[in-house]
Amino acid sequence: MVSPTDGLLRLQEGNKRFLSGAGHADRLSSEARRRELTKGQMAFAIILGCSDARVPAEIIFDQGLGDLFVIRVAGNIVAPSQIGSVEFAAERFGIKLVVVLGHTGCGAIQATLEELRRPTEGHSPNLRSIVDRVRPAVEALFEGSIPPDDDELDHRATRANIRASANQLRHGSQILERLIDQQGLRVVGAEYSLDSGEVHFFEGA
Ligand SMILES: [Zn+2]
């Protein structure tokens, strides 16, 4: 079983390979590996990431078939089905590391900021359910001093949303609380930069 520390190292090293163009995910997705994995999966990390087409976890971490258990949803929000997926993977496969992966330039964050500035009735109830999950973390940024500019606000909102999702996973499930207390499950927050391609683990790592 891969420890959370070793899992983090594998992700960080994979992101470095992705950045340098020295990735070996092709080798890790070979036919031989595919056949080997029909017996079962042995992923070493659970990634809760955004659906944004520019942030596919396997590619930016240079991982292959069977390495990552990935849950993708716009705005990397945490709703019951995301918690259930994390519970399933952590319990069934004994995975010890969960990464909440947000990113710069996230459309869900921008939609929430727009909604807070100018509330509209235009969203479908389904889209609204995503904005409503992001809203509490971001709303707090509008209280007190206003950040200097839109970029800074976007930056702070992205990180606040990642922290909120990580905390919901840590405290929103008795199963996950038990795994954290007794089995050493770790939940960390990370931000992917669209500009640099770099993943910064900034919370709980
Ligand atoms: Zn996004």
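The values are calculated or read from the model by the stated rules, or taken from the named source; none is laboratory data. As the structure is a prediction and not an experimental result, all values here were calculated from the model. Please note: Cβ atoms are built from the backbone with ideal geometry, for glycine as well, and neighbour counts cover all protein chains shown. Note: areas computed on protein heavy atoms with side chains; ligands, DNA, RNA excluded. Shrake-Rupley method; radii C 1.70, N 1.55, O 1.52, S 1.80 Å.
General remarks:
- Selection count, segment 51-61, where residues are open to solvent by 10 Å² or more (accessible area, probe 1.4 Å) and within 16 Å of the ligand (Cβ to nearest atom): 6
- Boolean, Val199 is within 16 Å of the ligand (Cβ to nearest atom), over 29 Å from Gly7 (Cα atoms), in contact with a helix residue (DSSP H, G or I) (Cβ under 6 Å, 6 or more places away or on another chain) and open to solvent by less than 70 Å² (accessible area, probe 1.4 Å): no
- Within segment 112-126, if we keep just the residues that are part of a helix (DSSP H, G or I) and free of Cβ contacts under 8 Å to residues at least 24 places away in the same chain, the residue that is least open to solvent (accessible area, probe 1.4 Å) turns out to be Glu115.
- Each residue in segment 79-103 was checked for being within 14 Å of the ligand (Cβ to nearest atom) and more than 14 Å from Gly14 (Cβ to Cβ), and 3 of them qualify.
- In segment 80-106, the residues that are in contact with a helix residue (DSSP H, G or I) (Cβ under 7 Å, 6 or more places away or on another chain) and open to solvent by 20 Å² or more (accessible area, probe 1.4 Å): Ile83, Glu87, Glu91, Lys96, Thr104
- Residue match in segment 21-33 (condition: loosely packed, with under 15 Cβ neighbours inside 10 Å, touching a Leu at 6+ places or on another chain (Cβ under 9 Å) and at pLDDT below 95): yes
- Hits in segment 62-73 - residues which are open to solvent by 40 Å² or more (accessible area, probe 1.4 Å) and within 16 Å of the ligand (Cβ to nearest atom): Val70, Arg72
- Scan of segment 35-50 for residues that are open to solvent by 10 Å² or more (accessible area, probe 1.4 Å) and aliphatic (A, V, I, L, M), ordered by number: Leu37, Met42
- Yes/no for Gln41 being within 16 Å of Ala190 (Cα to Cα), in contact (Cβ under 8 Å) with a residue 40 or more places away in the chain and in contact with a strand residue (DSSP E or B) (Cβ under 8 Å, 6 or more places away or on another chain): no
- Residues (without any contact (Cβ under 8 Å) to a residue 40 or more places away in the chain and assigned to a loop (DSSP other than H, G, I, E, B)) located in segment 44-63: Ser51, Ala53, Pro56
- Considered as a group, the residues in segment 127-174 that are outside any helix (DSSP H, G or I) and open to solvent by 40 Å² or more (accessible area, probe 1.4 Å) include one that is nearest to Glu203 (Cα to Cα), and that residue is Gly172.
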